[in-house]
Amino acid sequence: MRRIRDRYLQLMRDCLTGSIYEDPPLKVLGTESFDPTLREYGWDWPSIAHSMIGRKRMDNLRLLTERVLFDHVPGDLIETGVWRGGACIYMRAILEAYGIKNRRVWVADSFEGLPPPDAENYPADTGDVFHTYRELAVPLEVVQHNFKRYFLLDEHVMFLKGWFRDTLPSSQTGPLAILRMDGDMYESTIDALNNLYDRVSLGGYIIVDDYRVVEGCRHAVDDFRTRRGIHDAIVEIDGVGIYWQKTAS
Ligand SMILES: C[S@@+](CC[C@H](N)C(=O)[O-])C[C@H]1O[C@@H](n2cnc3c(N)ncnc32)[C@H](O)[C@@H]1O
């Protein structure tokens, strides 16, 4: 059973990242053909695969999800910033693989790309161009269909459609075991932290997908940790993403 579960989750990871069929990248970032190293580290945007986070950050997501299951850390799992849904589909697959019925996966996104920068309130986002990339706007129906392709769309998957500033404050998640943030900008990261950090259970994990490569995202995390006096050690994932385990409220 353990071996089959392991194979299922490896297969899901490689399908979701497009590694298995060598899905070439979208040309928008400059590369044209499939490069296994880029896909390992999530440095390109696959043309049809369902996640851009790469195999290493997928492995990290599995590791931390399994830890919260084994350690009985209470709560749901959420990603803020889902694109085609791949990382959320992986979290749902992990719950499925372990027969977990009492946790939900929350899928939070505008489903229309990133917001234009609000430089007045978030100077770190000044000049940010992510909102101009139409490749990052994936409609809700497409993401739901992507879950269906893996037979993983059911009542354990909850969608929060809209800007984080509007959807997260009143979202009915309850406690969270995993908060995975992949909204790239200062505003998107700080909105997730301000609204969801206090819901993360002790022993739960906060994952920041782009900490080492997107300056605005890093500033938001650093500002929040300083303001809240958070000293939990930052752990590197792959030179891009980081995480920490919440040890104090
Ligand atoms: C880099 S992509 C996420 C990649 C995804 N985690 C994966 O597995 O491939 C960023 C996503 O964040 C969403 N996003 C960013 N800022 C947002 C905000 N403030 N409110 C709602 N959605 C936002 C965008 O629509 C986009 O889908």
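Could you please find all residues in the range 84-133 being surrounded by 14 or more Cβ atoms within 10 Å (Cβ to Cβ) and in contact with a Pro (Cβ under 7 Å, 6 or more places away or on another chain)? Result: PHE111, ASP125, ASP128, HIS131. State whether the residues of the range 23-39 include one that is among the acidic types (Asp, Glu), surrounded by fewer than 18 Cβ atoms within 10 Å (Cβ to Cβ) and touching a residue at least 40 places away in the same chain (Cβ under 8 Å). Checked against the condition, which is being among the acidic types (Asp, Glu), surrounded by fewer than 18 Cβ atoms within 10 Å (Cβ to Cβ) and touching a residue at least 40 places away in the same chain (Cβ under 8 Å), the range 23-39 yields no hits at all.
Taking every residue in the range 129-141 that is closer than 17 Å to LEU26 by Cα and pairing it with any residue that is more than 10 Å from the ligand (Cβ to nearest atom), at least 6 positions away or on another chain, the pairs with Cβ-Cβ distances below 6 Å are HIS131/PRO116; GLU135/LEU26; GLU135/VAL28. Checked against the criterion of being touching a strand residue (DSSP E or B) at 6+ places or on another chain (Cβ under 6 Å), among the β-branched types (Val, Ile, Thr) and in a helix (DSSP H, G or I), the candidates VAL68, VAL82, VAL73, VAL28 yield just one match: VAL68.
Scanning the range 138-161 for residues that are within 12 Å of the ligand (Cβ to nearest atom), surrounded by fewer than 15 Cβ atoms within 10 Å (Cβ to Cβ) and not in a helix (DSSP H, G or I) yields a single hit, PRO139. If you go through the range 162-175 and keep only what is over 18 Å from the mean Cα position of the chain (by Cα) and either in a loop (DSSP other than H, G, I, E, B) or more than 15 Å from the ligand (Cβ to nearest atom) (or both), you end up with PRO169, SER170, GLN172, GLY174.
Would you check if there is a residue in the range 97-105 being touching a strand residue (DSSP E or B) at 6+ places or on another chain (Cβ under 7 Å), closer than 19 Å to TRP163 by Cα and within 13 Å of the ligand (Cβ to nearest atom)? Yes, some residue in the range 97-105 is touching a strand residue (DSSP E or B) at 6+ places or on another chain (Cβ under 7 Å), closer than 19 Å to TRP163 by Cα and within 13 Å of the ligand (Cβ to nearest atom).
Conditions (1) part of a helix (DSSP H, G or I); (2) hydrophobic (A, V, I, L, M, F, W, C); (3) modelled with pLDDT of 95 or more; (4) surrounded by fewer than 19 Cβ atoms within 10 Å (Cβ to Cβ), marked per residue:
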{"site": "LEU202", "(1), (2), (3), (4)": "no, yes, yes, yes"}
{"site": "TYR205", "(1), (2), (3), (4)": "no, no, yes, no"}
{"site": "VAL213", "(1), (2), (3), (4)": "no, yes, yes, yes"}
{"site": "HIS219", "(1), (2), (3), (4)": "yes, no, yes, yes"}
{"site": "ASP222", "(1), (2), (3), (4)": "yes, no, yes, yes"}
{"site": "ARG225", "(1), (2), (3), (4)": "yes, no, yes, yes"}
{"site": "HIS231", "(1), (2), (3), (4)": "no, no, yes, yes"}
{"site": "THR247", "(1), (2), (3), (4)": "no, no, yes, yes"}
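With the structure loaded, tell me whether ILE89 is of a type outside the set (Ser, Thr, Tyr), away from the ligand (no atom under 13 Å from the Cβ) and within 18 Å of HIS156 (Cα to Cα) or whether it fails that test. Spelling it out, it is not the case that ILE89 is of a type outside the set (Ser, Thr, Tyr), away from the ligand (no atom under 13 Å from the Cβ) and within 18 Å of HIS156 (Cα to Cα). Filtering ASP184, ASP191 for residues that are within 15 Å of the ligand (Cβ to nearest atom), among the acidic types (Asp, Glu) and in contact with an Asp or Glu (Cβ under 8 Å, 6 or more places away or on another chain) leaves a single hit, ASP184. Pairs linking a residue in the range 68-90 that is within 23 Å of PHE164 (Cβ to Cβ) to a residue that is among the acidic types (Asp, Glu), with Cβ atoms under 6 Å and 6 or more positions apart or on different chains, are GLY81/ASP182; VAL82/ASP109; ALA87/GLU79; CYS88/GLU79.
The values are calculated or read from the model by the stated rules, or taken from the named source; none is laboratory data. Just so we're clear, the structure is a prediction, and the values are computed from it rather than from any experiment. Every residue, glycine among them, receives a Cβ derived from its backbone with ideal geometry; neighbour counts consider all protein chains shown.
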